[in-house]
Amino acid sequence: MAERSGLGVGVDIGGTKSLGVLVDDQGEVLAESRVPTPDGASELLDMVAAVVAELTELAGAVDGVGVGVPGIVDAEGRLRYAPNLVGADELAVRELLQLRFDVPIVVANDTDCAAWAEHTLGAARGHGEAMLVTLGTGIGTSIIVDGRVQLGANGFAGELGHHVVDPVGVECSCGNRGCWETKASATGLARLAVETIGRGRGGVLKSLVADDPSSLRGEHVTRAAREGDQTAIEIIDEFAGWVALGLANGVAILDPSLIVVGGGLVAEHELLLDPVRSRFDGMIFANGHRPQVTIVPAALGERAGALGAAVLARDAGQATHSEAQGALR
C-alpha cells in the first residue's frame, strides 16, 4: 500500500466557472486553479482531469480526488440531472474519472460538499445535526444528521429549494410552480424588486436600472438597502420572510441545532440575516418549547464546495469507493 500523502484535490464545478484546490491534512489550501466551465460531457471531464493533473503535479502525490457537481448525484457517482451544465445529464463522472487516475474518486452534489466543509472546518463544526442553505441564483441545501451528510434512498435528498411555498406562484426552473427557490434566491429577490417598481415604487432601485427593470439583480437591491433606500429595505424585509419560511419548514422536518446560510447574498449577512432571524423565530414549530435553532453565516466562502470535495477525497485515502463515501449517507 502506497504511503499516504495527507493531501487531497477537490474540484467544484460551477455553471460558468470551476475551482480546484489542493488541501493538506489540516484543511489548509496549498494551491488553487480557476477555469471556465465548458459545455459538453467530454469537455467537462477533460477540464476536471486537467485541473486535477495540474494540482497533483504540484503536490507530487495525493490521496484522493473529490468532485462537487451542481446537480443530483447517485450513489455510484453518476450525475443524473444537472440543469446548469450543458450535455452533462446521466454522466458517469466517477467511473470515467477513475479510468484516468489511480486514487479514489469521490463525486457528490456541490452543496453536500460545501456542507461537509462547513461541518469539518467551518461554521457547523461540532454540530452533529445541521442544515446548510446556499442562497445564490438558486437555492442549494444539504442536511447533516449524526455527523453525516444525508443522501436519501437515491442520492436526491436535501432539495429544499424545490419544496413548494406558493402553489399559484411563478414557474420554477424545475417545472413546478412556487418552489421556495422562486421566492428566496437572488433571482427571487430581483423578481420581488421588479414587481415593486411595477407598482410605481422604486427610489434608488429605479435609477440603478434606468428604463430596463428586467436588468435588476439581487445585488442592486442590497446596494440600495445599504445606502438607506427605504423601498429597498422594505423589499429585503419581505424577502427575508420568504427565506425564514423555508428555513422554518426545514426545522419542522429535520430538527437541526444549527442552520448555516451561505451563497452570494450572504456577503450582506448583517443586512439579510437579522430580518431572517426576526421572522424565523415566530414561524418555527413549538417555538418557546424547543432549544433555540441558531442561524449563522457560512464561514468558508466560495471555496467551500471545493474544500469539502477535497476533504472527502483526502480522507478516502487508500479506502475502497464504498468506504470513501462514508461521510455521505
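The values are calculated or read from the model by the stated rules, or taken from the named source; none is laboratory data. Computed from a predicted model, the values in this text were never measured in an experiment. Virtual Cβ from ideal backbone geometry, glycine too; neighbours counted across all protein chains shown. Quick note on the areas: whole protein, heavy atoms, side chains included, nothing else; ligands and nucleic acids left out. Shrake-Rupley method; radii C 1.70, N 1.55, O 1.52, S 1.80 Å.
Give 195, 95 a once-over and let me know the one that is touching a Lys or Arg at 6+ places or on another chain (Cβ under 9 Å) and farther than 22 Å from residue 249 by Cα.
Details: 195 fails: touching a Lys or Arg at 6+ places or on another chain (Cβ under 9 Å).
Sole residue among the options that is touching a Lys or Arg at 6+ places or on another chain (Cβ under 9 Å) and farther than 22 Å from residue 249 by Cα: 95.
Check whether at least one residue in the stretch 79-90 is closer than 30 Å to residue 173 by Cα, surrounded by fewer than 18 Cβ atoms within 10 Å (Cβ to Cβ) and over 20 Å from the mean Cα position of the chain (by Cα), and report yes or no.
yes
Do you know which residues across the stretch 165-197 are within 12 Å of residue 136 (Cα to Cα) and of a type in the set (Ser, Thr, Tyr)?
First, the residues of the stretch 165-197 that are within 12 Å of residue 136 (Cα to Cα): 181-190.
If the condition is that a residue be within 12 Å of residue 136 (Cα to Cα) and of a type in the set (Ser, Thr, Tyr), then 182, 185, 187 are the ones that fit.
One residue is enough: does the stretch 266-273 have a residue meeting the conditions within 19 Å of residue 163 (Cα to Cα), part of a helix (DSSP H, G or I) and under 26 Å from the mean Cα position of the chain (by Cα)?
no
Tell me, which residue of the stretch 220-278 that is within 15 Å of residue 143 (Cβ to Cβ) and of a type in the set (Val, Ile, Thr) is surrounded by the most Cβ atoms within 10 Å (Cβ to Cβ)?
260
What are the residues in the stretch 57-83 that are of a type in the set (D, E, K, R) and assigned to a strand (DSSP E or B), if any? First the steps, then the outcome.
We begin by selecting, within the stretch 57-83, every residue of a type in the set (D, E, K, R); these are 57, 63, 74, 76, 78, 80.
If the condition is that a residue be of a type in the set (D, E, K, R) and assigned to a strand (DSSP E or B), then 80 is the only one that fits.
Can you pull out the residues in the stretch 198-216 that are touching a Gly at 6+ places or on another chain (Cβ under 9 Å) and either modelled with pLDDT of 70 or more or surrounded by fewer than 17 Cβ atoms within 10 Å (Cβ to Cβ) (or both)?
The answer is 204, and nothing else.
Filter the stretch 4-20 for residues that are modelled with pLDDT of 90 or more and β-branched (Val, Ile, Thr); which is surrounded by the most Cβ atoms within 10 Å (Cβ to Cβ)?
Taking the candidates together, the pick is 9.
So, in the stretch 225-269, how many residues would count as being modelled with pLDDT under 85 and small (Gly, Ala, Ser)?
2
Taking the conditions exactly as written (open to solvent by less than 50 Å² (accessible area, probe 1.4 Å), touching a residue at least 12 places away in the same chain (Cβ under 8 Å), hydrophobic (A, V, I, L, M, F, W, C) and part of a helix (DSSP H, G or I)), does residue 309 satisfy them or not? So that I can check it myself, show each step before the final result.
Numbers: open to solvent by less than 50 Å² (accessible area, probe 1.4 Å): yes; touching a residue at least 12 places away in the same chain (Cβ under 8 Å): yes; hydrophobic (A, V, I, L, M, F, W, C): yes; part of a helix (DSSP H, G or I): yes.
Answer is yes for this residue.
Working only within the stretch 23-45, note down all residues that are in a helix (DSSP H, G or I) and surrounded by fewer than 13 Cβ atoms within 10 Å (Cβ to Cβ).
Correct list: 42 only.
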